[in-house]
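Worksheet: the structure to be examined is printed underneath.
The values are calculated or read from the model by the stated rules, or taken from the named source; none is laboratory data. On a predicted model such as this, the values are computed, not experimentally measured, just so you know. Cβ placement follows ideal geometry from the backbone for every residue including glycine, while neighbour counts extend to all protein chains displayed.
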Amino acid sequence: MSVKHINKVKYKQLIIEVILMFERIELYVNTNAEYAWLVILLFAFIEAFFLSGIIVSSAILFSICIFIFNAELLSIFTIVPLAIIGAHLGDMASFLCGKTIGPQLLTSKVFTKRKKTISRAQKFLDKTGPFTVLFGRFIPALRPVVPFLLGISDLKLVRFYIADVIACLCWGTALGFLVTSLGSIF
């Protein structure tokens, strides 16, 4: 067997596992409708937190929101604030982790080899910090990483907090529009 064939098989297995996971989440929410709010809050946090957000796709949160909306378990006026709060809590946790463990990571061997690149990135983040929060909130691949990196930078907590609240409000509004418009298709 070639490496390419093995990778295709692993990719197909991964897709099947994600589908099965989503079906289990749907089953859980159907049988425990009173916890639908908690599922949204939890998945919004998980996809925003830097350790888990790299693994958990934002498409899962989006799909869960569509499912809960279409099943009429929660209104869109409940789904959106829950997603905003969960995302904001995940961002704040990532930022604070960046402030506490980030400097230790920068002194590790892996990062000391890339000192010049890291220095340029830090200067960029110091200049554009609040705008990077807004920009990063709308790009799924960057969403969990940006708050952590900004925590490592010199960005003050208050500036990050204000920028993140604005970014999460904009993102939550967009999520609400997507759930109501695309949710009607499914």
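With respect to the conditions (1) part of a helix (DSSP H, G or I); (2) exposed (fewer than 13 other Cβ atoms within 10 Å of the Cβ); (3) among the β-branched types (V, I, T); (4) more than 18 Å from the chain's Cα centre (by Cα), T180 lacks only one, and its number is (2). Report yes if some residue within segment 74-83 is more than 19 Å from the chain's Cα centre (by Cα) and of a type in the set (A, V, I, L, M); otherwise report no. The answer is yes, given that some residue of segment 74-83 is more than 19 Å from the chain's Cα centre (by Cα) and of a type in the set (A, V, I, L, M).
Against the test of being of a type in the set (F, W, Y), within 14 Å of the chain's Cα centre (by Cα) and crowded, with 19+ Cβ neighbours inside 10 Å, the options F148, F160 yield a single qualifying residue, F148.
If you filter segment 65-124 down to residues that are of a type in the set (D, E, K, R) and in contact (Cβ under 8 Å) with a residue 40 or more places away in the chain, you find that the one that is surrounded by the fewest Cβ atoms within 10 Å (Cβ to Cβ) is K99. Among the residues of segment 51-64, write down those that are aliphatic (A, V, I, L, M) and either surrounded by fewer than 19 Cβ atoms within 10 Å (Cβ to Cβ) or in a loop (DSSP other than H, G, I, E, B) (or both). Within segment 51-64, L51, I54, I55, V56, A59, I60 qualify.
The residues of segment 127-139 that are among the charged types (D, E, K, R) and either under 27 Å from S58 (Cα atoms) or touching a residue at least 60 places away in the same chain (Cβ under 8 Å) (or both) amount to a single one, R137.
Selection of segment 144-161 for residues being touching a Ser or Thr at 6+ places or on another chain (Cβ under 9 Å) and in a helix (DSSP H, G or I) yields V145, V146, P147, F148, L149, L150, G151. Selection of segment 46-95 for residues being polar (S, T, N, Q) and more than 16 Å from M21 (Cα to Cα) yields N70, S75, T78, S94. Report whether or not F131 is of a type outside the set (K, R), within 19 Å of the chain's Cα centre (by Cα) and either surrounded by 15 or more Cβ atoms within 10 Å (Cβ to Cβ) or farther than 21 Å from Y161 by Cα (or both). No; evaluated as a whole, the condition is false for this residue. The residues on offer are A141, A93, and the sole one that is under 17 Å from the mean Cα position of the chain (by Cα) and modelled with pLDDT under 85 is A141.
Annotation note: Cβ proximity below 9 Å between a residue of segment 161-186 that is under 22 Å from F95 (Cβ atoms) and a residue that is of a type in the set (D, E, K, R) and in a helix (DSSP H, G or I) (sequence gap 6+ or interchain) occurs for D164/D91; D164/R137; A167/D91; A167/R137; C168/D91; C168/R137; C170/R137; W171/R137. Only one of the numbered conditions (1) closer than 21 Å to R120 by Cβ; (2) outside any loop (DSSP other than H, G, I, E, B) is not met by D164, and that is (1).
In a loop (DSSP other than H, G, I, E, B), of a type in the set (G, A, S) and closer than 30 Å to I66 by Cβ, is that true of A141? Spelling it out, A141 is indeed in a loop (DSSP other than H, G, I, E, B), of a type in the set (G, A, S) and closer than 30 Å to I66 by Cβ. Pairs are defined by a Cβ separation below 6 Å, a sequence spacing of at least 6 or placement on different chains, a first member in segment 140-158 that is within 18 Å of Q104 (Cβ to Cβ), and a second member that is surrounded by 23 or more Cβ atoms within 10 Å (Cβ to Cβ) and among the acidic types (D, E); the pairs so defined are P147/D91.
Scoring L175 on the criteria (1) assigned to a loop (DSSP other than H, G, I, E, B); (2) of a type outside the set (S, T, Y); (3) at pLDDT 90 or above leaves a single failure, condition (1).
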